[in-house]
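The values are calculated or read from the model by the stated rules, or taken from the named source; none is laboratory data. Predicted model, so just to flag it, every value in this text is computed and none were measured. Cβ sites come from the backbone with ideal geometry, for glycine too, and all protein chains shown count toward neighbours. In case anyone asks, the SASA skips ligands and DNA or RNA and just uses the protein heavy atoms, side chains included. Shrake-Rupley method; radii C 1.70, N 1.55, O 1.52, S 1.80 Å.
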Amino acid sequence: MDMGFDHVAIATGAGRPTLIDVKNNLIPGVRKASDFLMALQLGGGFKKESLANLQMRLPALVIGGGLTAVDTTTELAAYYPVQVEKFLERWEALAADLTEAALWKLYAPDEAVIAQEFIAHGRAVRAERARAAAAGEAPDLSPLVASWGGVSLVYRKSMQDSPAYRLNHEEITKFLEEGVSFIEKLAPLECVPDSHGALCEVVFEKVEETAGRWHGTGEQIRLPARTLLVAAGTSPNITYEREHAGTFQIDPKARAFRSFRAVAASDGRITLVPVPAGELGFFTSFERNGRFITFYGDNHPVYAGSVVKAMASAKDGFPHVVALFAREFASLSPEDQATRDGAWLSFANKLDADLLATVQEVVRLTPTIIEIIVRAPAAARRFAPGQFFRLQNFESLAPVIGSNGTRTRLHMEGLALTGAWVDQKRGLLSLIVLEMGGSSRLCAPLRPGDPVLLMGPTGTPTEIPRGEAVVLCGGGLGNAVLFSIARAMRDNGCRVLYFAAYRSKVDIYKMDEIEAATDQVIWSVDDGELPEPRRPQDRAFRGNVVQAMLAFAKGEFGPPVVPLPDCERVIAIGSDRMMLAVRNARHDVLRPYLRAGHVAIASINSPMQCMMKEVCAQCLQKQIDPVTGVETVVFSCFNQDQPQDSVDWRNLAGRLRLNTVQEKLTDLWVRKLLGVQAGA
């Protein structure tokens with residue numbers, strides 16, 4: 001509204017997915033339906049030319065009874081043949097260049113099993129398409145999918161009791177025509193992992209109805225499953241109120257799913273009282289200088305649950321918004337209207353200048369790391385240290401390479417990238433990219449002036465203490481995250497001890513920025529030539545970050561500028577293995593040298609997709625209270641800074657492997673395509 005908007009409509013769709021209480025509900029193979037559907041549709045996973053990595057295995061189960069569960073089941077059955085065909089075609093093209101033996105070396109034993117499965121299934125799909133073409137008929141892929149375990153929807157009550165049946169029974173009829181199954185009267189108890197920690201079956205309890213009440217019978221049923229998608233409903237998206245408490249009143253009657261409180265409207269103005277019985281309210285409690293906010297769709301308890309309802313909310317709600325301005329527009333003269341039209345064009349141009357992001361410059365920092373400087377004034381103004389952005393190129397502008405089975409659009413998946421620095425006056429921000437996958441390799445070809453999709457900043461800013469001694473541990477790309485954090489801490493009167501760890505000397509970047517934000521730096525490399533410190537207080541070390549910290553604590557580098565026992569806070573940012581090593585060392589070899597009761601934080605690099613805070617749920621991460629042992633689940637894209645001692649590191653490592661079989665092949669595929677493009 002400070003920018004000049006007269007009204008705001010909140011239509012942000014479904015919010016936080018419901019998390020069901022099932023043992024091992026975050027092991028590899030288990031996802032939320034919102035995660036799958038977003039990757040499939042918005043991410044383009046269903047397109048043969050897409051680079052999206054969406055790894056699904058059969059047999060597959062979907063838990064739920066609503067329309068989303070129905071959609072998820074049929075979409076998964078349709079997607080699986082596309083997935084294995086695409087995998088096979090790219091595998092064969094790469095094998096022709098690199099040999100199959102070279103490809104198999106990419107994979108760990110459990111990954112190789114999945115790759116073999118995809119190849120065999122891809123050949124079966126190809127054979128069915130060839131048979132159908134020869135017979136002049138449409139291929140019938142449903143029997144193949146069923147023979148591999150199929151896709152089944154599992155609901156805790158009867159089919160007739162399911163929301164999908166009650167809302168639209170024709171959906172169930174069409175659902176069954178797709179060759180999928182509806183399994184009723186089973187409640188999930190446990191996800192069972194295989195020897196590699198991935199899902200292999202789900203344990204259910206059989207339920208029955210007695211006198212109108214559903215209850216467990218005690219009988220257990222085990223269903224094989226390599227994929228489990230949970231579609232157990234969502235709650236309204238009220239993230240803004242969580243971040244800016246007190247902006248909106250919350251409906252006091254909404255207990256299970258908290259939603260905005262609807263208030264009454266009459267005669268072009270709202271009254272901040274509950275909506276009268278029998279009426280629908282679209283206005284929230286917000287009012288400022290005669291400006292208001294309305295809400296629709298899944299945010300609205302009356303219209304939540306389906307796209308049809310969401311469209312109905314807009315149809316029913318817009319007259320109330322129009323009424324706010326009816327008198328104003330009724331009295332406009334043609335001259336006044338022309339003035340308003342000109343003001344609108346000026347306003348739109350200002351929004352474009354503020355919100356549209358373009359590439360300013362791409363700078364190679366090391367053989368594997370690049371810096372993308374983006375012009376995005378609004379995003380730059382909002383950035384706080386520790387936050388990150390979601391970067392992606394436009395699908396419609398992405399080049400297409402190849403034809404037929406090898407046709408590929410060089411459209412990157414959304415990348416979670418840290419803001420290294422911002423220049424608010426010029427509207428610039430810096431993003432650091434490690435080229436380690438297919439999408440990240442598409443960043444280097446970006447050119448100045450290219451439009452890009454930049455969302456953010458998102459995530460919770462890192463807590464910046466005042467006047468503390470702090471130790472920062474950066475591993476590889478993690479050092480990019482720490483630039484702005486270290487600078488903010490120094491500006492807040494903190495003394496900063498920095499351990500900057502890299503694989504080799506050639507991987508070091510931004511030394512000037514690190515030095516400017518620290519009191520002392522210990523530069524370490526795993527092997528090879530040592531870096532050369534440029535300040536008298538800094539040191540170089542050959543070994544990993546924990547070894548460097550231990551040598552520092554023992555006094556092997558001379559008198560410290562910031563003694564380790566003085567440090568009240570330890571922040572580690574790097575790979576999951578590096579952060580786990582720091583966590584373990586704090587309780588082992590470093591324990592005698594650390595202050596008791598110090599704060600220890602890790603920036604969790606869990607897989608992310610939407611990065612919109614509790615929407616797609618790909619970023620789910622399990623925590624275990626180190627004192628009570630109580631397990632909780634957090635959304636890492638909401639707050640990536642988590643207590644080191646609470647993180648379930650094994651769970652994090654498993655979730656980072658959700659798509660590795662596809663990701664490794666996609667990385668090679670993109671490198672091949674970029675080589676073709678460069679050669680052309």
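Computed quantities for the displayed model
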read-out	value
Residue check for L94: open to solvent by 20 Å² or more (accessible area, probe 1.4 Å) and either under 25 Å from G405 (Cα atoms) or in contact with a Gly (Cβ under 7 Å, 6 or more places away or on another chain) (or both)	no
Sole exception among (1) touching a residue at least 60 places away in the same chain (Cβ under 8 Å); (2) polar (S, T, N, Q); (3) open to solvent by 80 Å² or more (accessible area, probe 1.4 Å) for S331, by number	(1)
Residue count for segment 75-84, restricted to those that are open to solvent by 20 Å² or more (accessible area, probe 1.4 Å) and either of a type outside the set (G, A, S) or in contact with a Lys or Arg (Cβ under 9 Å, 6 or more places away or on another chain) (or both)	2
Residues (surrounded by fewer than 22 Cβ atoms within 10 Å (Cβ to Cβ), touching a strand residue (DSSP E or B) at 6+ places or on another chain (Cβ under 8 Å), assigned to a loop (DSSP other than H, G, I, E, B) and not charged (D, E, K, R)) located in segment 529-543	L530, P533, Q537, G543
Long-range neighbours under 7 Å by Cβ, at least six apart or interchain, first residue assigned to a helix (DSSP H, G or I) within segment 148-164, second open to solvent by less than 10 Å² (accessible area, probe 1.4 Å) and of a type in the set (V, I, T)	M159/I172; A164/V70; A164/I172
Some residue of segment 640-647 being touching a strand residue (DSSP E or B) at 6+ places or on another chain (Cβ under 8 Å), small (G, A, S), assigned to a loop (DSSP other than H, G, I, E, B) and at pLDDT 95 or above	yes
Test: residue in segment 160-177 that is within 30 Å of the chain's Cα centre (by Cα), modelled with pLDDT of 95 or more and of a type in the set (A, V, I, L, M)	no
Search result, residues across segment 186-212 that are surrounded by 14 or more Cβ atoms within 10 Å (Cβ to Cβ) and among the β-branched types (V, I, T)	V192, V202, V203, V207
Long-range neighbours under 6 Å by Cβ, at least six apart or interchain, first residue in contact (Cβ under 8 Å) with a residue 24 or more places away in the chain within segment 626-650, second of a type in the set (A, V, I, L, M, F, W, C) and open to solvent by 20 Å² or more (accessible area, probe 1.4 Å)	V633/L19; C637/M608; D641/I601; D648/I624; W649/L580
Leading residue by the ranking (modelled with the highest pLDDT) among those in segment 251-277 that are open to solvent by 40 Å² or more (accessible area, probe 1.4 Å) and closer than 27 Å to G459 by Cβ	R258
